[in-house]
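Comments concern the structure below.
The values are calculated or read from the model by the stated rules, or taken from the named source; none is laboratory data. Because the structure is predicted, anything quoted here is derived from the model rather than measured. Virtual Cβ from ideal backbone geometry, glycine too; neighbours counted across all protein chains shown. Note: accessible area is taken over every heavy atom of the protein model, side chains too, but ligands, DNA and RNA are not part of it. Shrake-Rupley method; radii C 1.70, N 1.55, O 1.52, S 1.80 Å.
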Amino acid sequence: MVDVSRGSALGASGASELFQLLRDGRPRTRAELAETTGLARSTIALRVDALMDLGLIAPVGDAVSTGGRPSSRFALNPGARVVLAADLGASHAVIAVTDLTGTVLADHRGAIDIADGPEVVLGWMVEQGSALLAGLGRQHGELIAIGIGLPGPVQHSTGRPVHPPIMPGWDGFDVPGWVQQHLQVPVLVDNDVNISALGERAAAWPDAEHLLFVKVATGIGAGVISGGLLQRGAQGIAGDIGHVQIARGAGVPCHCGNNGCLEAMASGPAIAAALRSAGLETRSGQDVIDLVKRGDVQAIQAVRQAGRDLGEVLTACVSLMNPSVIVIGGSMAQAGEHLLAGVRELVYSRSMPLATEHLTIVQSTVGADAAVIGAGMLAIHHALSPESIAAMTA
Ligand SMILES: [Zn+2]
């Protein structure tokens with residue numbers, strides 16, 4: 001279960017104080033709430049009633065007060081509402097319904113072609129999401145937000161994709177506006193790497209304040225969590241490390257128009273192409289992984305070199321943000337320890353000792369589901385934010 005109480009990477013809690021306190025799931029009495037918040041008992045009573053009316057909190061057991069009189073304790077009611085989470089990839093998608101703690105209640109996996117355009121893909125998403133809700137016996141009215149991850153750059157403030165290279169027809173498309181014509185709830189959109197970072201952190205590293213999630217697949221990108229918060233940067237492309245030039249790449253053209261980019265040397269297709277020119281029949285990153293799993297020495301060496309290439313760029317990232325955890329995810333992470341060995345070799349030998357003293361570099365443990373979990377977190381964070389709760393209780 002994902003525990004949202006451990007501090008969300010999406011921001012701090014403030015007003016609607018009471019609910020923000022109770023979100024951690026720990027039952028508290030009215031007296032405890034009054035003491036923690038400094039609010040009057042009468043104010044607490046009113047707010048508890050309002051949250052109870054919404055079903056967002058519920059009484060949990062009974063506590064014996066000092067006077068021996070039982071006093072009710074309250075906590076978040078995880079099943080009070082649900083959110084829809086969608087991880088839309090280039091060729092596959094995962095749709096899930098989660099409760100307010102991020103626990104997946106039902107999910108659906110299917111093949112899609114993101115190049116079919118937004119109406120087709122989002123229409124499919126709405127259809128599958130509605131079917132999941134119906135299957136759970138939940139009404140549309142119980143849905144409070146939708147989180148969507150897309151395989152390209154997204155302007156987070158508007159939810160519109162910005163020049164996404166593999167998503168024809170999506171550039172500038174009003175994703176939230178379109179989805180809201182069918183499901184009238186807030187729609188949050190972000191790129192797949194950012195939501196994977198959120199999901200990986202929530203599910204595997206809830207206490208890590210400084211975490212870098214690196215996706216190595218057809219492309220290469222990173223999700224940056226610094227000071228406990230997801231960092232999107234000024235234009236939303238923080239962590240876009242795929243087009244940093246590396247020494248070994250001199251003269252190798254990249255699809256971005258530059259030469260020598262990390263992505264042109266260490267992505268799945270790049271490793272496959274290098275092995276192909278050495279005479280192997282590798283058409284894709286998956287072919288490379290299959291060869292590595294069969295113990296092919298050439299493929300293993302190529303993957304390890306890709307790890308060193310990644311490590312070269314990550315060494316700079318380590319100097320810049322001093323993370324405590326670097327998680328390597330994406331499909332090429334299935335190449336396992338060989339990729340990681342290359343990354344560790346470079347990062348540990350090139351970084352300042354203090355920066356790596358407590359640095360953990362690991363393969364993703366959450367795997368492909370990190371993205372859909374993160375999309376759920378995005379939706380929950382919005383739906384349970386002080387502003388949203390204030391609007392619901394108004
Ligand atoms: Zn490039």
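Among the residues in the range 290-302, are any touching a Cys at 6+ places or on another chain (Cβ under 7 Å) and at negative phi? Can you show your working first?
In the first step, residues of the range 290-302 are kept if they are touching a Cys at 6+ places or on another chain (Cβ under 7 Å); the result is none.
Scanning the range 290-302, I find no residue that is touching a Cys at 6+ places or on another chain (Cβ under 7 Å) and at negative phi, so the answer is no.
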Counted residues, the range 245-264 - those being within 7 Å of the ligand (Cβ to nearest atom) and assigned to a helix (DSSP H, G or I): 2
Which of the residues belonging to the range 201-219 are within 28 Å of ALA264 (Cα to Cα), open to solvent by 10 Å² or more (accessible area, probe 1.4 Å) and aliphatic (A, V, I, L, M)? ALA217
Would you be able to tell me the number of residues in the range 68-114 that are part of a helix (DSSP H, G or I) and either touching a Ser or Thr at 6+ places or on another chain (Cβ under 9 Å) or free of Cβ contacts under 8 Å to residues at least 24 places away in the same chain (or both)? 3
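Just to be sure I understand, how many residues within the range 306-321 are basic (Lys, Arg) and within 20 Å of ILE225 (Cα to Cα)? I'd like the intermediate steps shown before the answer.
Narrowing the range 306-321 to residues basic (Lys, Arg): 308.
If we keep only those that are within 20 Å of ILE225 (Cα to Cα) as well, we get none.
Summing the residues that are basic (Lys, Arg) and within 20 Å of ILE225 (Cα to Cα) in the range 306-321 gives 0.
Can you say whether ALA299 is over 25 Å from the mean Cα position of the chain (by Cα) and open to solvent by less than 10 Å² (accessible area, probe 1.4 Å), as far as the supplied structure shows? Walk me through how you get there before you give the answer.
Working: over 25 Å from the mean Cα position of the chain (by Cα): yes; open to solvent by less than 10 Å² (accessible area, probe 1.4 Å): yes.
It is true that ALA299 is over 25 Å from the mean Cα position of the chain (by Cα) and open to solvent by less than 10 Å² (accessible area, probe 1.4 Å).
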In the list SER277, SER284, SER267, which residue meets the criterion of being within 16 Å of the ligand (Cβ to nearest atom) and either over 23 Å from ASN194 (Cβ atoms) or open to solvent by less than 30 Å² (accessible area, probe 1.4 Å) (or both)? SER267
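I want to confirm something. Restricting to the range 353-382 and keeping residues that are open to solvent by 70 Å² or more (accessible area, probe 1.4 Å) and in a helix (DSSP H, G or I), which single residue is nearest to ILE144 (Cα to Cα)?
Restricting attention to the range 353-382, the residues satisfying the condition of being open to solvent by 70 Å² or more (accessible area, probe 1.4 Å) are 353-354, 357-358, 365, 368.
Subsequent filtering for residues that are in a helix (DSSP H, G or I) retains 353-354, 368.
Working: PRO353: 47, LEU354: 45, ALA368: 25 Å.
The residue in question is ALA368.
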Being touching a strand residue (DSSP E or B) at 6+ places or on another chain (Cβ under 8 Å) and open to solvent by 30 Å² or more (accessible area, probe 1.4 Å) narrows ARG344, ARG350 down to just ARG344
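To keep it simple, each residue is scored yes or no on (1) among the β-branched types (Val, Ile, Thr); (2) open to solvent by less than 50 Å² (accessible area, probe 1.4 Å); (3) in contact with an Asp or Glu (Cβ under 6 Å, 6 or more places away or on another chain).
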| position | (1), (2), (3) |
| --- | --- |
| VAL60 | yes, no, no |
| LEU100 | no, yes, no |
| LEU122 | no, yes, no |
| SER130 | no, yes, no |
| ALA134 | no, no, no |
| GLY141 | no, no, no |
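For the range 199-235, name all the residues that are of a type in the set (Gly, Ala, Ser), more than 16 Å from the ligand (Cβ to nearest atom) and under 18 Å from LEU320 (Cβ atoms). Spell out how you get there, then give the answer.
Step one: filter the range 199-235 for residues of a type in the set (Gly, Ala, Ser), giving 199, 202-204, 208, 217, 219, 221-223, 226-228, 233-234.
The next check asks that each one be more than 16 Å from the ligand (Cβ to nearest atom); those that pass are 199, 202-204, 208, 223, 226-228, 233-234.
Matches in the range 199-235: ALA208, GLY223, SER226, GLY227, GLY228, GLY233, ALA234.
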What residue, of GLY295, GLY257, GLY285, is touching a residue at least 60 places away in the same chain (Cβ under 8 Å) and more than 23 Å from ARG350 (Cβ to Cβ)? GLY285
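Being open to solvent by less than 10 Å² (accessible area, probe 1.4 Å) and under 17 Å from the mean Cα position of the chain (by Cα) is the filter here; which residues of the range 222-253 pass it? It would help to see each step written out before you state the result.
Within the range 222-253, the first condition is being open to solvent by less than 10 Å² (accessible area, probe 1.4 Å), and the residues that meet it are 222-223, 225, 228, 242, 246, 249.
Once the filter is applied, which keeps residues that are open to solvent by less than 10 Å² (accessible area, probe 1.4 Å) and under 17 Å from the mean Cα position of the chain (by Cα), the range 222-253 yields ALA222, GLY223, ILE225, GLY228.
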Tabulated pairs, the range 189-212, first at positive phi and small (Gly, Ala, Ser), second part of a helix (DSSP H, G or I) and open to solvent by less than 10 Å² (accessible area, probe 1.4 Å), C-beta under 7 angstrom, 6+ apart or interchain: none
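For the range 179-200, which positions are open to solvent by less than 40 Å² (accessible area, probe 1.4 Å) and over 16 Å from GLY221 (Cα atoms)? Break it down into steps so the answer makes sense when it comes.
Kept after step one, since they are open to solvent by less than 40 Å² (accessible area, probe 1.4 Å), are these residues of the range 179-200: 179, 183, 185, 187-200.
Once the filter is applied, which keeps residues that are open to solvent by less than 40 Å² (accessible area, probe 1.4 Å) and over 16 Å from GLY221 (Cα atoms), the range 179-200 yields VAL179, LEU183, VAL185, VAL187, LEU188, VAL189.
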Condition check for ILE326: surrounded by 23 or more Cβ atoms within 10 Å (Cβ to Cβ) and either in a strand (DSSP E or B) or within 16 Å of the ligand (Cβ to nearest atom) (or both): yes
